[in-house]
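Report on the following structure.
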Amino acid sequence: MAATGYNLRFKSADSGIILVKKALNQARLAKSKEDEAICYAYLALTYRRMLDLKNFTSNANAAYEIAKSAKSERADAHAAMAMGLLKSFIEDSPGAIKYQLKAYTVFSKLKEYSQCAKISADISYLFSPAAPAKVQKYAQEAMDYATKSGDAESILHARLAMGSYFMDKMLQGDTKTLQTVIAFFKETIRLAEENESQIVSKSNIGVAYLNLASLYMDGPKPIPEKEILTNLEKAIQIGRRYQLKNIYRNSTGLKGQYFMAKGDYETAKQLFEAGIAYQQMLPYQDNNLMASFYDNLKALSAKRQDFKSYYQYDTLFTTYNKLRNAESTQKMLQNADARFESDKKIVRIQQLEKDNQLQHDNKLLGFGLSAILLIGLVFMYRSYYFRQRYYQNREDILLKEQANSDLQLKLMEKETLENLSEKLSLQRRLLASQMDPHFIFNALGNIQSMILKKDTAPAISFLGKFAKLTRQILEQSRMEMISLEEEILTLKNYITLQQLRLNNGFNYDIVCEADVDPQVCIPPLLIQPFVENAIEHGLKPLIHTGEGILNIHFSLESKAKYLICTITDNGIGLAASKNRKREDSHQSMSTKITGERLEQMQKANMNAGFEITERQDATGEKGCIAILRIPID
Amino acid sequence: MYKTIIIEDEYRLREALAILLEMVAPEAVQVVGYAENIGDAKNLIDRLKPDLVFMDIMLTDGTAFDVLEQISYRRFQLIFTTAYEQHAVKAFKYSALDYLLKPIDLQELEAAIARLPLRDGNEMVETQINELQRNLQKTPDRLVLPTQEAMYVIQLAQIIRCETSGSYTTFHVADGRKIMVSKPLKSYEDILLLPDFYRIHQSHLININYIESYSREGMIKMKDQTAVPVARAKKEQFFSFMKDGFM
């Protein structure tokens, strides 16, 4: 069933997939690991045909994994074949050869000759053009196996591999064999035509026609025009009938180039335009095809010295070329996905770099030899593997892009770390804890109000104090230590601003005992959060009475070397303030930071710390007391 | 004429707002009362039945939300004022409630007053207040869309995409509705956020959970079969986002 589904791939990929998936379910139910692996392999191959790299990859991997546990040679062989084709699809030639050889060995053991023939042909392609001896060897083996199997499709496949080997040889200057090769292809075509109904992969027939036509074109003059045109016409028919893009493109293009070489520019132009019109009829867009047609038209105009149309074609060519490049970005993303799943990615990248170098050299050589026609032909010769070749250039860009994104990732990591440390830096947090945004914007609102009421003098005074406080806090948050005197100045400034804001609704008093040296050094901005607490939560609800009093008292514990700061208010008290359930994230943050700072100090001085309690003194006054013990040297 | 109450616990800020209103809309707005704590605010609203209330979030003895819970009269339009309450501001945005930042900007006040006639309707304010209370308690998962005819409450997960033209934004909702709001897309940009929402274009913000496919040319097909372009400048970033997820 899986095999039937697989064979359907050319006619209707979707129904083929459904059939194979059904077979897969049956295999699962029957608990046959072997069949399961084979089904996955078939699925992978079908997705390959649909150029769906993602599903191709996942199914090939699944086939391989399951085959490992299946302990079946057939499963192994199919899985290895799927992996081999995957590697070849993503241009991992060494990997492809490794897997294909494995599949080849097992299939030959199993005497599955038609599979052997196909794989051997594929191996032959993989060795091309680097190792001609191996190319020939495997092409020959493919032919042998194909004959043994008697399967028309395998025979065609194998013969094409052999033909490709011959053409490689000719490219390297071996012209003597030309007649032999032509005869070989004629025979191939004859065989293919005889058994056309048995051959599922119609594109291979098209490839045979194309190869023969280009051989004629390249052959000795005078060239047999009739033969060329017949073969190209046949290829075009096949391309149209089965919607084989490659075949259609290459045959129309080749025909156009033939007329161009012949000097019949008008016919050539018509052909290229017919190709474009045909493509525009199709429901999907093939930018690559359009670009190459316009490229040909461009070359044509250059030959005719018709610069106006040259310019027009160039514009169109550029448009499609851009679209084509956008497509390749997408393809690169896909290739990158597959790449990460590949186990031997480093080895492969190195190999690819070598391949790319080779590819580059080849190209330069091609340019040097002779203009556009030859390059066109070189591409044609590779029509079967055209698509894969086409990806190679992109690998270069892909590698660069990957290097770039790695770099970006590193930079981002670095930035994150820096951000983190910055966030954690006490200085920043300290500043944030002192400059309550609520306080800042309310202060600005007060200034706005005074301006609106034209109370110029109070506005100027308030603004001046606000600027002074901002400056003090900015400066002190950067210091390790400040004198008590400075701290008291900042506190006074802050409290005055709060008084102005709250309509002088409370009074304050700061007392320093005589034995406290005003020049003693303490960490900056420790006390302000407690003062803020006392005002906002204790005294503010009572501003109407005008009886609120804030006392700040400094004394010295000389033996233990610490300063005692007591902040007392006669406000509504802790319990009442908590009942008001005001969520104040700023308040909790600044108290927390002060707590952390005092804890740090405890390491050097046991007595450092603070406590906030409800007032319960003999006078019966309500309110709250905060006591801070600040270490001094 | 809008009968207006100002609830604000700092006397100078109260005065400032009254003067600013006199400058901006002497004809349209008449301030009839002040309150600075929860109890006074409740009594004043229930007694005077205002058309418009400016409400500071932080009051001496609690918050504006305490007031909203306690009042029995709710048929007024509401504009919040705040010095700095990020959490609350976010909740306002989801509830489509108007707010002003202190010190109050003259132009912003003018714009807020100009928006008032667009939002008449009693149930509408009721809806917004209910949504606000919900949004303050939990992470907002719905959005209020105010239009001429109604207040729509839409689940964030039901928004397929937003498209802007000028100062209007059209919301495409999963049930097929298209709701047009007279606000620019920019005002939704900071509440419709990653990981679900992505601003792919000057005029388009999409819910990435509704992407059906995206093409190499930078067109995104949404599940409602509409196509949306990705801005050239955002293509690379967007594709890498789709590939690797949120970084």
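Derivation of every value follows stated rules applied to the coordinates shown; laboratory data play no part. Every value quoted in this text rests on a predicted model; they were computed, and no experiment measured them. No Cβ is skipped: glycine too gets one built from the backbone with ideal geometry, and neighbour counts run over all protein chains shown.
Let me confirm one metric for peptide B:230-240, namely the mean number of other chain beta-carbon atoms within 10 Å of its residues' beta-carbons.
1
Work out, step by step, the length gained on full extension between A:M50 and A:C512: first 0.36 nm times the residue separation, then minus their alpha carbon distance; give nm to one decimal.
157.7 nm
Explain nothing, just compute: Karplus ³J(HN,Hα) = 6.51 cos²θ - 1.76 cosθ + 1.60, θ = phi - 60°, for every residue of the range A:249-259 in order, whole Hz, x for Gly and Pro.
Once rounded to whole Hz, the list reads 4, 5, 6, 4, x, 5, 5, x, 5, 4, 5.
Once every Cα of the range B:2-137 carries one equal point scatterer and solvent is ignored, give the base-10 log of I(q)/I(0) from the Debye formula at q = 0.12, 0.21 Å⁻¹, two decimals.
-0.40, -1.48
Just the C-alpha atoms of the protein assembly as shown: what Rg/Rh do they give, with Rh taken as the Kirkwood radius?
Checking Rg against Rh, the ratio lands at 1.17.
List the trypsin sites (Lys or Arg not before Pro) within the range A:9-90 that DSSP assigns to loop and that have no more than 16 neighbouring Cβ atoms inside 10 Å.
A:K11, A:K31, A:K71
Per-residue Cβ counts within 10 Å, from other chains only, averaged over B:5-15: what number is that?
4
Assuming 0.36 nm per residue, please report the length gained on full extension of the stretch A:E475 to A:D144 beyond their Cα-Cα distance.
110.2 nm
Mind checking which lysines have their C-alpha under 21 Å from A:K22, skipping anything on the same chain fewer than 8 residues away?
Those lysines meeting the cut-off are A:K11, A:K31, A:K33, A:K54.
Could you rank the peptides A:294-307, B:180-193 by their average count of other C-beta atoms within 10 Å per residue, with the highest value first?
So the peptides A:294-307, B:180-193, ranked by packing, come out A:294-307, B:180-193.
Using just the alpha carbons, could you tell me how many Å³ per residue the convex hull of the range B:88-157 encloses?
Per residue, the Cα convex hull of the range B:88-157 comes to 87 Å³.
Name the residues whose placed amide hydrogens come within less than 5 Å of the amide hydrogen of A:R615, ignoring near sequence neighbours (fewer than 5 apart) on the same chain.
It is A:L574, A:G623, A:C624, A:I625, by chain and number.
Please list, in order along the range B:62-72, the HN-Hα scalar couplings obtained from phi with the Karplus expression 6.51 cos²θ - 1.76 cosθ + 1.60 (θ = phi - 60°), rounded to whole Hz, x for Gly and Pro.
Per-residue couplings from phi come out as x, 10, 4, 5, 4, 4, 4, 5, 8, 5, 9 Hz.
Between B:L194 and B:K138, how many nm apart are label points set 7 Å from Cα along the C-beta direction?
Rounded to a tenth, the inter-label distance reads 2.7 nm.
The range A:101-162: which trypsin sites (Lys or Arg not before Pro) are DSSP loop and have at most 14 other beta-carbon atoms within 10 angstrom?
A:K111
Just counting partner chain Cβ atoms within 10 Å, what average do the residues of peptide B:57-69 show around their Cβ?
Mean partner shielding for this stretch: 3.
Report the charge-dipole magnitude of chain B in Debye, nearest 20, computed about the Cα centre from +1 at each Lys and Arg Cβ and -1 at each Asp and Glu Cβ.
The calculation lands at about 1100 debye.
What is the set of long-range amide H partners of B:L59 at a cut-off below 5 Å, with H atoms built 1.01 Å from backbone N?
Sorted by chain and number, the residues that satisfy this are B:A64.
If amide H atoms are built 1.01 Å from N in the plane of the peptide, which residues on other chains or at least 5 residues away come under 5 Å of the amide H of A:G548?
A:N507
Tell me the GluC sites (Glu not before Pro) within the range B:1-90 that lie in a loop according to DSSP and have at most 15 other beta-carbon atoms within 10 Å.
Sparse-neighbourhood loop GluC sites (Glu not before Pro): B:E27.
What distance in nm separates the two pseudo spin-label positions at B:R75 and A:K308, each 7 Å out from Cα along the beta-carbon direction?
Placing both labels 7 Å along Cα→Cβ, they lie 7.8 nm apart.
Once R0 is set to 56 Å, what does the formula 1/(1 + (r/R0)^6) return for the Cβ-Cβ distance between A:K186 and B:S165, expressed as a FRET efficiency to the nearest 0.05?
0.25
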